[in-house]
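Read the figures in this text as sums done on the coordinates, not as results from a lab. All values reported here derive from a predicted model rather than from experimental measurement. Please note: Cβ atoms are built from the backbone with ideal geometry, for glycine as well, and neighbour counts cover all protein chains shown.
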Amino acid sequence: MKVLKKDEIRMLRARIHHLERPKERSAGVLGLGIETLDKALPNGGLEKAAVHEVTGSSAGGFAAMLAGKFCKTGKPVLWCVEAASKAALYGPGLVAFGVSPDQLIVVHCRTVAEMLWAMEESLREEVVGLVIGEPVKPLSLTISRRLQLAAETGGTMGLILCHGKTEGVLAPSAATTRWQVDSMPSLGRGILYGKLRAETSWRLGLRRCRGAEQEYNWDVEWDDAAYNLALATDAGYRGLGAAK
């Protein structure tokens, strides 16, 4: 008889709990604010009861945008930062994306183990709307599965930031979607009278999505006044072939 390890037992319990929970607890989806983007996702938006992954030079901006959307719903956002990381949250930048300081909980974790514990426990509860994690090193497939199961159990969205990583070297992941977000110069169609900051113009790439037929690229700009995304060009997306 095989003796199950503690991690395997926890994953099994989470899976059983997920299968037994009532269907009406489904958390639904979060729209990104652009019809073209939302239609590219199988359920018309980002699944809330799921973990998503983002990489690229503007991964933090994408995370702040999602955090701002959840702040509008009245649910707090938990942002976990590993102590070894040199990344620091910039208050004015977060506010520009609609993040309310009294709804943001920042957790400085001494180790990656502490970060994973905080994320997993928070994802299992329905208290927070979004759980963000910034690990220094890529997470293993097993760990990402644990986080995904926790998100499904609690109906809470999780977001993993992979700073400085490119698609070719990212580890396998159980995340429902994988995004690449890179900053780009304003395309001359700025939504703030031509004075849009370059860091709020992004090349947004959907690199992997469970249930999607292909990859996509969009050029988008952040609308500071409406707290929402807008396509930067009329030809704002193109298919890139089969999704990974």
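Worth pointing out:
- Tensor-based shape of segment 30-79 (alpha-carbon gyration tensor, a/c under 1.5 rounded, otherwise prolate or oblate): oblate
- A protection proxy built from the mean count of other Cβ atoms within 10 Å ranks the segments 39-50, 107-118, most packed first, as 39-50, 107-118.
- Proximal charge balance of residue 127 [Cβ under 11 Å; K/R count +1, D/E count -1]: -1
- Two-site FRET efficiency, residue 108 against residue 212, from Cβ-Cβ distance with R₀ of 45 Å, rounded to 0.05: 0.80
- Each peptide among 31-37, 224-230 gets the average number of other Cβ atoms lying within 10 Å of its residues, and from highest to lowest they stand as 31-37, 224-230.
- Global geometry of segment 22-173, whether rounded, prolate or oblate, following the gyration tensor of its Cα atoms and the 1.5 cut on a/c: rounded
- Packing around the peptides 126-134, 88-96, 141-149, taken as the average count of other Cβ atoms within 10 Å per residue, puts them in this order, highest first: 126-134, 141-149, 88-96.
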